[in-house]
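K.L.:
A single structure is presented below for examination.
Just so it is clear, none of the values below were taken in a lab; they were calculated from the coordinates. This structure is a prediction, so every number in the text was calculated from the model and none was measured. Because the Cβ atoms are built from the backbone with ideal geometry, glycine has one as well, and the counts that use them run over all protein chains shown.
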Ligand code: M6R
């Protein structure tokens, strides 16, 4: 959450900061700001609202500098406002700081600083760090930052500049992501590699407790005790164009449309037997006694899909856990267990904490992540990258599909008795099937016209379709702000059926042919109460088609791949309903792309 950008080099920093911030805006968008240092002059400009407000404001100014830092905020302490926006300064306006994370002991530090006659203008934890830097100033920016960092509890990616040492930026991380971009005679800092990819694809992903001192486009890495450390430079093979909208109005829409292409990449080189791209092969997989799939939000929904597959092919129990809950109970994890942690960003705080718990208990942790070099990728014992490219829309689409396909590929390699061979033999057809499914968009647009004014929408399904329903409902509510609820179809009559009345939209996915009759009976139950039924299935679901108000026909395939492609109409429903309601699709209210706080 929150986007960080920094620049040191021969170029004018402001345009670099602004372009970086526009690529980072998806991380937080309630306010934005920049700070530039020009000799002993520190200029800070910040504005509540989207980045466009700051940009407009900057048009009337001429701030310059030889180094600069910038931030987009997702509020944790204090409402979104000009004053609470980052960068923050100390009382003498000599230190500027941007921060991602939460300083847990900020209130104690603040009280102590107030006792020493320092004052505060914002409600943020970050300002406390800026003021503490000035109190602890010891003549050297790196030393001062390290000293202050030792007194901080909580999480941070911090970037600091000061007129007391113009030309230097010091940054460090503890649990919040921070990437160093290494250019020719220039250095970039960002909370996300996509923000600086247009300048360099050479990145160093700082580890917890790493600090960096940057001077005139050069850098040195340190630990908190000021020992010099080294970290590998990684080359990121994402294209800049992948982080752009390609002429579409929204990233989410572009990301839905490009799914056939990106899934081709997820699959590439991973179908063949003994593929080196598969991190855990059958001989090892067979030895696990239990599997824990742990994730949040959309990634959790993807995990629900994996549960059935892994139980079937390995014959071991699989538990799917919300990372935000898992860490606060006492799960009985053993050293013969496998933890599969799923995350697009690889930076979700709850999932990181759950990974620590799994590791502490001796489980082998396999991370299914998209962002190369992310925290989870580094913490895990094995990694399976989704390879779906940067996902910018807050509502996850292509990463979700990548998570389904990633688990499918793992299950294929663990299917010793060919239990799911029918599905696996056709995996290479998936990109084509996804492309064909895109043809439903026109019909979905028409359906969306009929339902976008409704207040409550229900998603139902059985088995793997329930996992889809959960994701379909989340997608709709997060970007359209409508009340959407997912239910295992057989659960309706245990309570929620009471809410179905004349015209209530009920969206049913019916990819599981072996459950079709049961699902169809549940649909009859809602029809009898006046529901407006939108069903999604293939050509074999004639009975369901005949009783539904709308029927979206998917291309023919096997049951499992039909489940995978069924998400596409649900993504289109969420997108078009939100669009018809005029909502801010890529940056829904109150949310941020990467949830790096608890
Ligand atoms: O980066 P992650 O996959 O770990 O993120 C987990 C959730 O925060 C994320 O999936 C969230 O639910 C999405 N906004 C849903 O579209």
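K.L.:
Need one number: convex hull volume per residue for the range 3-236, Cα atoms only, in Å³.
P.N.:
Dividing the Cα hull volume of the range 3-236 by its residue count gives 104 Å³.
K.L.:
If packing is taken as the average number of other Cβ atoms within 10 Å across a peptide's residues, how do 231-239, 571-579 rank, most packed first?
P.N.:
Working: 231-239: 13.0, 571-579: 25.8.
Descending mean neighbour count gives 571-579, 231-239.
K.L.:
Looking only at the chain, where both bridge partners belong to it, what percent of the DSSP beta bridges are antiparallel (to the nearest 5)?
P.N.:
Numbers: 61 of 100 bridges.
The antiparallel proportion sits near 60 percent.
K.L.:
Another one. Taking all pairs of different Cα atoms in the chain, averaging 1/r and flipping that mean, what Kirkwood radius in angstroms comes out? Walk me through the intermediate numbers first.
P.N.:
Values: mean 1/r = 0.0398 Å⁻¹.
Computed over Cα pairs of the chain, the Kirkwood hydrodynamic radius comes out at 25.1 Å.
K.L.:
Here's something else I'd like to know. Highest mean first, what order results for 39-50, 154-165 on Cβ atoms within 10 Å? Don't skip to the end; give the middle numbers.
P.N.:
Values: 39-50: 17.4, 154-165: 23.3.
Per-residue mean Cβ counts within 10 Å order the peptides as 154-165, 39-50.
K.L.:
Set the Förster distance to 30 Å, then compute FRET efficiency between residue 589 and residue 58 from the Cβ-Cβ distance, nearest 0.05. Display every interim value, and only then the final one.
P.N.:
Details: r = 25 Å, r/R0 = 0.82.
Efficiency computed from Cβ-Cβ geometry: 0.75.
K.L.:
Would you list the P(r) distribution for the range 54-109, with all Cα-Cα distances sorted into 5 Å bins from 0 and each bin expressed as a whole %?
P.N.:
Pairs per bin, as whole percents: 4, 13, 21, 29, 20, 8, 4, 2.
K.L.:
Quick one: grab the alpha carbon gyration tensor of the range 212-356, order the square roots of its eigenvalues as a ≥ b ≥ c, and give me rounded if a/c is under 1.5, else prolate or oblate depending on whether a/b is larger than b/c.
P.N.:
Details: a/c = 1.72, a/b = 1.23, b/c = 1.39.
Oblate, since a/c reaches 1.5 and b/c is not below a/b.
K.L.:
Cut-off is 10 Å between beta-carbons; in what order do 119, 382 appear when sorted fewest neighbours first? Can you show the working numbers first?
P.N.:
Details: 119 8, 382 16.
If I rank by nearby Cβ atoms, fewest first, I get 119, 382.
K.L.:
Let me ask something additional. How would you classify the range 133-213 from its alpha-carbon gyration tensor, with a ≥ b ≥ c the square roots of the eigenvalues: rounded for a/c under 1.5, else prolate if a/b is greater than b/c, otherwise oblate? It would help to have the intermediate numbers written out before the result.
P.N.:
On the way: a/c = 2.82, a/b = 1.46, b/c = 1.93.
Oblate, because a/c is 1.5 or more while a/b does not exceed b/c.
K.L.:
In degrees, nearest 10, range 0 to 90: what is the angle between the Cα axis of helix 398-413 and the longest Cα principal axis of the chain?
P.N.:
60 degrees
K.L.:
Can I ask one more? As a test of the definition: which semi-axes, in Å, follow for the range 1-70 when you take the square root of five times each eigenvalue of its alpha carbon gyration tensor? Largest first, please. Let's see the in-between values first.
P.N.:
Values: eigenvalues 73, 35, 19 Å².
After diagonalising the Cα gyration tensor, the semi-axes are 19, 13, 10 Å.
K.L.:
On a 0 to 90 degree scale, rounded to 10, what angle separates helix 559-580 from the longest Cα axis of the chain?
P.N.:
60 degrees
K.L.:
Could you list the square roots of 5 times each eigenvalue of the Cα gyration tensor of the range 438-584, that is, the equivalent ellipsoid semi-axes, sorted largest first and rounded to whole Å? Write down the numbers at each step before the final one.
P.N.:
On the way: eigenvalues 85, 66, 36 Å².
Result for the range 438-584: semi-axes of 21, 18, 13 Å.
K.L.:
Using the alpha-carbon atoms, what tilt in degrees (0 to 90, nearest 10) does helix 297-314 show relative to the longest principal axis of the chain?
P.N.:
Value to nearest ten degrees: 50.
K.L.:
Ratio to report: Rg/Rh of the range 472-553, with Cα atoms as the point set and Rh obtained by the Kirkwood method; give two decimals. Present the calculation step by step, with values, prior to reporting the outcome.
P.N.:
On the way: Rg = 12.4 Å, Rh = 13.0 Å.
For the range 472-553, the value is 0.95.
K.L.:
Based on other C-beta atoms within 10 Å, arrange 387, 77, 71 from fewest to most. Each step should come with its number before you reach the end.
P.N.:
Values: 387 22, 77 16, 71 31.
Taking fewest neighbouring Cβ atoms as first place, the list is 77, 387, 71.
K.L.:
Continuing with this model, one more query. Fewest to most neighbouring Cβ within 10 Å: what's the order for 145, 333? Walk me through the numbers on the way to the answer.
P.N.:
Details: 145 26, 333 19.
Fewest-to-most Cβ neighbours within 10 Å comes out as 333, 145.
K.L.:
Moving on to the next point. Assuming a ≥ b ≥ c are the square roots of the Cα gyration tensor eigenvalues, decide whether the range 14-122 counts as rounded (a/c under 1.5), prolate (otherwise, with a/b larger than b/c) or oblate.
P.N.:
Details: a/c = 2.15, a/b = 1.36, b/c = 1.58.
Oblate, since a/c reaches 1.5 and b/c is not below a/b.
K.L.:
With each run of n ≥ 4 DSSP H residues scored as -39500 (n - 2.57), what mean residue ellipticity at 222 nm is computed for the chain after dividing by its residue count and rounding to the nearest 500 deg cm²/dmol? Provide the component values of the computation, followed by the final result.
P.N.:
Details: 20 runs with 208 residues, N = 598.
Value at 222 nm, helices only: -10500 deg cm²/dmol.
K.L.:
Taking the alpha-carbon centroid of each part, what is the distance from the range 406-428 to the range 39-55 in angstrom?
P.N.:
52 Å
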